[in-house]
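Note sheet for the following structure.
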Amino acid sequence: MQPEDIRAALATIARTEQIVRRTVLRWTVAPTLVTWGIVWLVGYLGTLFLARTALTYLWAGLVTLGFAVTFGLQVFYERRVRSPLGRRIDLSWLVASGYLALWSSLLFPRDPHVASFVLVTGIMAGYVLIGIWLTRLMLVLGLFVTAVATIGFLLGPAAFALLVGLLGGGALLAGGLWLWWSGHDDAR
């Protein structure tokens, strides 16, 4: 092979990698962000208005929907795009979800406000880590929502629900829509 042929082949490989990254971001990450943005908007704003029993049912339904969409998309697209890194990321989220469920179940009866803060910031720690490895958008979202949650936590339960619902859920929703419509690839 001539040097020009090698350069052309490498350029083709780089373009193919970029197309695959954009496709994965658009068809898995974007709808997942939109789904969880809606879950947080409805759930945290519902926290301000609903009685405890209704709120429990609301959150149970919303979280079930969120996990179904998230893992459904992962399973569906994993068949089409196989990646050892993708499988490891999925398993990492599954393990982190288990730990977060354990921590919140222990914290919730004592202090629901602290339990919610731990859940939100634990999830955002995952976003930051994904952002370090894959796409800056997740890093920015993770840091922004962590800051919003911290301010809300310090201001009290009502402010926390309002800020995390509107700004946190809104940021996830906007981030997902931006990924979907922009076709932007900031993957590392």
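List of remarks:
- Filtered by the rule that a residue be open to solvent by 30 Å² or more (accessible area, probe 1.4 Å) and aromatic (Phe, Trp, Tyr), the stretch 29-68 gives 36, 49, 57, 59, 67.
- Residue in the stretch 169-177 that is closer than 16 Å to residue 44 by Cβ and modelled with pLDDT under 90 present: no
One line per residue, one yes/no per condition, for (1) among the β-branched types (Val, Ile, Thr); (2) within 17 Å of the chain's Cα centre (by Cα):
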site	(1), (2)
99	no, yes
104	no, no
111	no, no
121	yes, yes
124	no, yes
151	yes, no
155	no, no
158	no, no
181	no, no
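- Restricted to the stretch 84-178, the set of helices (runs of 4 or more DSSP H) holding at least 3 residues that are hydroxyl-bearing (Ser, Thr, Tyr) comprises 84-107, 112-133.
- Residue within the stretch 153-169 that is within 30 Å of residue 18 (Cα to Cα), crowded, with 17+ Cβ neighbours inside 10 Å and touching a helix residue (DSSP H, G or I) at 6+ places or on another chain (Cβ under 6 Å) present: yes
- Neighbours by Cβ (under 6 Å, 6+ apart or cross-chain): first from the stretch 24-45, under 15 Å from residue 171 (Cα atoms) and at pLDDT below 90; second open to solvent by 40 Å² or more (accessible area, probe 1.4 Å) and of a type outside the set (Lys, Arg): 30/180
The values are calculated or read from the model by the stated rules, or taken from the named source; none is laboratory data. As the structure is a computational prediction, the values presented were derived from the model and not from experiment. FYI the Cβ positions are ideal-geometry reconstructions off the backbone, even for glycines, and counts take in every protein chain you see. To get the accessible areas, we keep the full protein, side chains included, count just its heavy atoms, and leave off ligands, DNA and RNA. Shrake-Rupley method; radii C 1.70, N 1.55, O 1.52, S 1.80 Å.
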